[in-house]
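The next block holds one structure in the form of structure tokens; read it before the comments.
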Amino acid sequence: MTAELIKLTAAEIAAKIASGEVTAVQVTEAHLARIEAVDEKVNAFLHVDREGALAQARAVDDKRARGEKLGPLAGVPLALKDIFTTKGIPTTVGSKILEGWIPPYDATLTQRLKAADVVILGKTNMDEFAMGSSTENSAYGPTGNPWDLTKIPGGSGGGSSAALAAYEAPLAIGTDTGGSIRQPAAVTGTVGVKPTYGAVSRYGMVAFSSSLDQGGPCARTVLDAALLHEAIAGHDPLDSTSIDAPVPPVVEAARNGDVKGMRIGIVKQFRGEGYQAGVLQRFDESVELLKELGAEVVEVDCPSFDLALAAYYLIAPSECSSNLARFDAMRYGLRVGDDGTKSAEDVTALTREAGFGDEVKRRVILGTYALSSGYYDAYYGSAQKVRTLITRDFEKAFGEGGVDVLISPTTPTTAFPIGERADDPMAMYLADLCTIPTNLAGNAAMSLPCGLAPEDGMPVGLQIIAPAMADDRLYRVGAAVEAAFTARWGHPLLEEAPSL
């Protein structure tokens with residue numbers, strides 16, 4: 001039964017639990033057994049909450065026994081990125097500086113998952129403070145890509161994407177600051193969605209870059225992602241950036257995918273030098289597929305996108321420099337050197353030296369410099385002006401007479417070997433080349449599988465970008481592509497799934 005249950009989609013699991021064909025406890029036990037069997041090799045989880053997960057599952061079974069109506073995802077297991085606070089369960093953000101910290105409260109997203117009766121299996125591995133594109137920057141060791149354990153599963157949410165690809169969970173949560181939901185989805189053959197900025201509450205999500213960070217759903221199918229999106233989205237008065245507007249009809253769009261009559265734009269800037277041949281081949285096949293499905297495909301010029309990477313790596317480090325100032329060894333987390341002879345400043349310095357990894361230090365230093373007196377206007381101020389130009393490019397593309405959505409490869413290459421880019425930060429940063437503009441503008445985007453690259457047999461992702469608060473368009477297009485793709489070539493994680 002374990003082998004059968006872990007291969008089901010979230011929607012199928014929920015239906016079987018609701019009908020009484022299986023219990024939530026059986027489903028949870030199956031996934032816990034899978035984690036126990038394979039996670040020593042994958043390292044997707046930092047903490048597995050076995051007792052808590054089984055208690056949540058029993059509560060779902062009790063509800064069903066009492067005849068209470070169950071929600072669309074009741075009893076479905078989920079892997080939660082270790083950046084969201086969880087009451088009574090460690091939250092480390094992949095960093096030694098928070099090792100052993102147990103939050104006294106749940107993030108709003110955590111609360112909404114529990115309210116939807118989703119079973120939280122545990123917390124997943126990630127690049128420290130979400131800074132990275134490979135999950136190699138975790139203080140707790142890298143996560144392997146289940147398709148090839150010698151390669152990266154993307155980052156910063158590689159633990160969540162790997163858990164999906166390894167069948168350790170049917171659902172996961174990630175966060176996306178510059179592509180950290182979509183890029184891991186692309187390289188693991190899964191579905192990842194960055195909702196419109198402000199659509200999912202950031203309350204209780206440890207901050208990296210507050211104007212860019214956004215939590216979102218990860219799954220193996222478009223419908224599963226939509227069901228999770230609906231469960232976690234919505235206004236939160238505890239988050240000052242939360243949008244007070246109805247959640248777009250994402251589930252309806254995922255159930256009725258159709259691109260007939262839609263205008264779809266190919267971003268001119270997202271191809272060319274540096275793109276792997278197999279990635280472009282699969283992308284071009286997806287474009288032809290969309291045309292066959294009745295969409296009108298046109299090229300769109302977004303000239304400011306060429307400046308997005310440089311702008312991002314000034315804005316994000318600047319905000320990280322400000323946000324991480326709170327980790328001072330005085331209030332919570334690690335404290336080093338407090339022997340009664342050192343000043344508070346010395347203790348703070350020693351703690352940060354021991355607690356932060358190289359990538360975090362690199363970004364804090366870069367951000368502090370960009371914000372310093374005499375450089376603020378030249379660097380941070382200029383980057384914000386570029387951000388405005390990028391937003392205008394999107395507005396022009398989506399404006400009257402423009403396109404409904406934009407598409408591109410999610411990443412320029414497939415998953416690269418662990419360690420290959422560890423000493424070359426610029427090469428690592430290029431992994432987010434196609435995803436960063438969406439974060440700078442705050443609109444919505446999805447990555448979904450579009451096959452395997454012929455040269456290495458690794459998954460390739462198709463990125464779909466929609467205007468702000470038009471998240472349903474992602475699911476409409478994504479569902480149509482997924483259905484057509486599966487009918488023609490099979491689903492990457494159902495037909496050619498990795499075996500561990």
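For the structure I just gave you, tell me whether Ala55 is open to solvent by 60 Å² or more (accessible area, probe 1.4 Å), more than 25 Å from the chain's Cα centre (by Cα) and not charged (D, E, K, R). Spell out the reasoning first.
On the way: open to solvent by 60 Å² or more (accessible area, probe 1.4 Å): no; more than 25 Å from the chain's Cα centre (by Cα): yes; not charged (D, E, K, R): yes.
It is false that Ala55 is open to solvent by 60 Å² or more (accessible area, probe 1.4 Å), more than 25 Å from the chain's Cα centre (by Cα) and not charged (D, E, K, R).
Report yes if Gly155 is part of a strand (DSSP E or B), touching a residue at least 12 places away in the same chain (Cβ under 8 Å), of a type outside the set (Val, Ile, Thr) and surrounded by 24 or more Cβ atoms within 10 Å (Cβ to Cβ), otherwise no. Full working, then the answer.
Working: part of a strand (DSSP E or B): no; touching a residue at least 12 places away in the same chain (Cβ under 8 Å): yes; of a type outside the set (Val, Ile, Thr): yes; surrounded by 24 or more Cβ atoms within 10 Å (Cβ to Cβ): yes.
It is false that Gly155 is part of a strand (DSSP E or B), touching a residue at least 12 places away in the same chain (Cβ under 8 Å), of a type outside the set (Val, Ile, Thr) and surrounded by 24 or more Cβ atoms within 10 Å (Cβ to Cβ).
Can you tell me which residue within region 445-471, out of those that are within 15 Å of Gln183 (Cα to Cα) and touching a Gly at 6+ places or on another chain (Cβ under 7 Å), is surrounded by the most Cβ atoms within 10 Å (Cβ to Cβ)?
Ser447
Give the number of residues within region 180-215 that are open to solvent by less than 10 Å² (accessible area, probe 1.4 Å), in a loop (DSSP other than H, G, I, E, B), farther than 24 Å from Thr368 by Cβ and out of contact with any strand residue (DSSP E or B) (no Cβ under 7 Å at 6 or more places or on another chain).
Qualifying residue count, region 180-215: 2.
Within region 359-373, can one find any residue that is among the small types (Gly, Ala, Ser), assigned to a helix (DSSP H, G or I) and more than 16 Å from Gly265 (Cα to Cα)? Explain how you work it out, then say what you get.
Initially, region 359-373 is screened for residues among the small types (Gly, Ala, Ser), giving 367, 370, 372-373.
Okay, now just the ones that are also assigned to a helix (DSSP H, G or I), so 367, 370.
With more than 16 Å from Gly265 (Cα to Cα) added as a condition, the list becomes 367, 370.
Yes, that holds for at least one residue.
Is it true that some residue in region 376-388 is in contact (Cβ under 8 Å) with a residue 24 or more places away in the chain, charged (D, E, K, R) and surrounded by 13 or more Cβ atoms within 10 Å (Cβ to Cβ)?
yes
Does region 216-248 hold any residues that are outside any loop (DSSP other than H, G, I, E, B), open to solvent by 20 Å² or more (accessible area, probe 1.4 Å) and aliphatic (A, V, I, L, M), and which are they? Can you show your working first?
Step one: of region 216-248, the residues outside any loop (DSSP other than H, G, I, E, B) are 216-219, 222-233.
Filter again for open to solvent by 20 Å² or more (accessible area, probe 1.4 Å), leaving 223, 230-231.
Once the filter is applied, which keeps residues that are outside any loop (DSSP other than H, G, I, E, B), open to solvent by 20 Å² or more (accessible area, probe 1.4 Å) and aliphatic (A, V, I, L, M), region 216-248 yields Leu223, Ala231.
Regarding region 460-479, can at least one residue be identified that is in a helix (DSSP H, G or I), at pLDDT 90 or above and within 24 Å of Ala166 (Cβ to Cβ)? Step through it out loud before you land on a result.
At the first step, the residues of region 460-479 found to be in a helix (DSSP H, G or I) are 471-479.
Retained after the next criterion (residues that are at pLDDT 90 or above): 471-479.
Of the ones still in play, those that are also within 24 Å of Ala166 (Cβ to Cβ) are 478.
Yes, because at least one residue in region 460-479 is in a helix (DSSP H, G or I), at pLDDT 90 or above and within 24 Å of Ala166 (Cβ to Cβ).
Restricting to region 128-147, give me the number of residues that are in a loop (DSSP other than H, G, I, E, B) and either among the β-branched types (Val, Ile, Thr) or more than 25 Å from Leu452 (Cα to Cα) (or both). Steps first, answer last, please.
In the first step, residues of region 128-147 are kept if they are in a loop (DSSP other than H, G, I, E, B); the result is 131-144, 146-147.
Retained after the next criterion (residues that are either among the β-branched types (Val, Ile, Thr) or more than 25 Å from Leu452 (Cα to Cα) (or both)): 131, 135, 137-141, 143.
Total satisfying the criteria: 8.
Return yes when Gly234 is small (Gly, Ala, Ser), over 17 Å from the mean Cα position of the chain (by Cα) and within 25 Å of Gly132 (Cβ to Cβ) and no when it is not. Walk me through how you get there before you give the answer.
Numbers: small (Gly, Ala, Ser): yes; over 17 Å from the mean Cα position of the chain (by Cα): yes; within 25 Å of Gly132 (Cβ to Cβ): no.
Answer is no for this residue.
Look through Asp127, Asp148, Asp106, Asp176 and report the one residue that is surrounded by fewer than 24 Cβ atoms within 10 Å (Cβ to Cβ), within 25 Å of Ser210 (Cα to Cα) and touching a residue at least 40 places away in the same chain (Cβ under 8 Å).
From the options Asp127, Asp148, Asp106, Asp176, the qualifying one is Asp106.
Would you mind telling me which numbered condition in (1) part of a helix (DSSP H, G or I); (2) open to solvent by 10 Å² or more (accessible area, probe 1.4 Å) Tyr312 fails?
That leaves (2) as the condition not met.
Among the listed residues Gly490, Gly442, Gly401, which satisfies the condition of being without any contact (Cβ under 8 Å) to a residue 40 or more places away in the chain, out of contact with any Asp or Glu (no Cβ under 9 Å at 6 or more places or on another chain) and either open to solvent by 10 Å² or more (accessible area, probe 1.4 Å) or not aliphatic (A, V, I, L, M) (or both)?
Numbers: Gly490 fails: out of contact with any Asp or Glu (no Cβ under 9 Å at 6 or more places or on another chain); Gly442 fails: without any contact (Cβ under 8 Å) to a residue 40 or more places away in the chain.
Step by step, each of Gly490, Gly442, Gly401 is checked, and only Gly401 is without any contact (Cβ under 8 Å) to a residue 40 or more places away in the chain, out of contact with any Asp or Glu (no Cβ under 9 Å at 6 or more places or on another chain) and either open to solvent by 10 Å² or more (accessible area, probe 1.4 Å) or not aliphatic (A, V, I, L, M) (or both).
Of the conditions (1) part of a helix (DSSP H, G or I); (2) in contact (Cβ under 8 Å) with a residue 60 or more places away in the chain, Tyr332 fails just one. Which one is it?
Every listed condition holds for Tyr332 apart from (1).
Might you check whether a residue that is in contact with a helix residue (DSSP H, G or I) (Cβ under 6 Å, 6 or more places away or on another chain), assigned to a helix (DSSP H, G or I) and not acidic (Asp, Glu) occurs anywhere in region 59-80? Let's see the steps before the verdict.
Quick first cut of region 59-80, residues in contact with a helix residue (DSSP H, G or I) (Cβ under 6 Å, 6 or more places away or on another chain) only: 60-61, 70, 72-77, 79.
Right, trim to assigned to a helix (DSSP H, G or I) and you get 60-61.
Adding the requirement that they be not acidic (Asp, Glu) leaves 60.
Within region 59-80, one or more residues are in contact with a helix residue (DSSP H, G or I) (Cβ under 6 Å, 6 or more places away or on another chain), assigned to a helix (DSSP H, G or I) and not acidic (Asp, Glu).
Being in contact with a Gly (Cβ under 6 Å, 6 or more places away or on another chain) and closer than 22 Å to Ala139 by Cβ is the filter here, so list the residues in region 307-326 that pass it. Talk me through it step by step, then tell me what you get.
Step one: of region 307-326, the residues in contact with a Gly (Cβ under 6 Å, 6 or more places away or on another chain) are 312, 317-318, 320-321.
Residues satisfying the conditions are Pro317, Cys320, Ser321.
Does any residue in region 8-31 that is of a type in the set (Lys, Arg) come within less than 6 Å, Cβ to Cβ, of a residue that is open to solvent by less than 30 Å² (accessible area, probe 1.4 Å) six or more places away or on a different chain, and which pairs are these?
The qualifying pairs are Lys16/Val22.
For region 333-349, enumerate the residues that are within 32 Å of the chain's Cα centre (by Cα) and surrounded by fewer than 18 Cβ atoms within 10 Å (Cβ to Cβ).
The first filter runs over region 333-349 and keeps only residues within 32 Å of the chain's Cα centre (by Cα), leaving 333-335, 348-349.
Residues satisfying the conditions are Arg335, Ala349.
Here is a check on your reading of the model: is Ile97 more than 21 Å from Ala225 (Cα to Cα) and open to solvent by 60 Å² or more (accessible area, probe 1.4 Å)? Before the answer, list the steps.
Details: more than 21 Å from Ala225 (Cα to Cα): yes; open to solvent by 60 Å² or more (accessible area, probe 1.4 Å): no.
No, not satisfied.
Test Ile407 against the criterion of being of a type in the set (Val, Ile, Thr), crowded, with 21+ Cβ neighbours inside 10 Å, in a helix (DSSP H, G or I) and within 22 Å of the chain's Cα centre (by Cα), and give yes or no.
No.
Would you check if Asp432 is within 17 Å of Gly192 (Cα to Cα), under 19 Å from the mean Cα position of the chain (by Cα), at pLDDT below 95 and open to solvent by less than 10 Å² (accessible area, probe 1.4 Å)?
Details: within 17 Å of Gly192 (Cα to Cα): yes; under 19 Å from the mean Cα position of the chain (by Cα): yes; at pLDDT below 95: yes; open to solvent by less than 10 Å² (accessible area, probe 1.4 Å): yes.
Judged against the criteria, Asp432 is a match.
Where residues in region 15-48 are open to solvent by less than 10 Å² (accessible area, probe 1.4 Å), assigned to a helix (DSSP H, G or I) and among the small types (Gly, Ala, Ser), which of them is farthest from Thr150 (Cα to Cα)?
Ala24
Just to verify a result, which residue in region 70-94, among those that are farther than 19 Å from Glu168 by Cβ and of a type outside the set (Ser, Thr, Tyr), is most open to solvent (accessible area, probe 1.4 Å)?
Filtering region 70-94 down to residues farther than 19 Å from Glu168 by Cβ leaves 70-72, 74, 85, 87-88, 91, 93.
Now narrow it down to the ones that are of a type outside the set (Ser, Thr, Tyr): 70-72, 74, 87-88, 93.
Values: Leu70: 34, Gly71: 34, Pro72: 85, Ala74: 2, Lys87: 128, Gly88: 55, Val93: 1 Å².
The extreme case among them is Lys87.
Sort through Ser138, Ser134 and tell me the only one that's at pLDDT 95 or above, at negative phi, in contact with a Lys or Arg (Cβ under 9 Å, 6 or more places away or on another chain) and not aliphatic (A, V, I, L, M).
Numbers: Ser138 fails: in contact with a Lys or Arg (Cβ under 9 Å, 6 or more places away or on another chain).
None of the others qualify; the one that does is Ser134.
The values are calculated or read from the model by the stated rules, or taken from the named source; none is laboratory data. On a predicted model such as this, the values are computed, not experimentally measured, just so you know. Glycine also receives a Cβ, built like all others from the backbone with ideal geometry; neighbour counts cover every protein chain displayed. When the accessible area is computed, the model is the full protein with side chains, heavy atoms only, and any ligands, DNA or RNA have been set aside. Shrake-Rupley method; radii C 1.70, N 1.55, O 1.52, S 1.80 Å.
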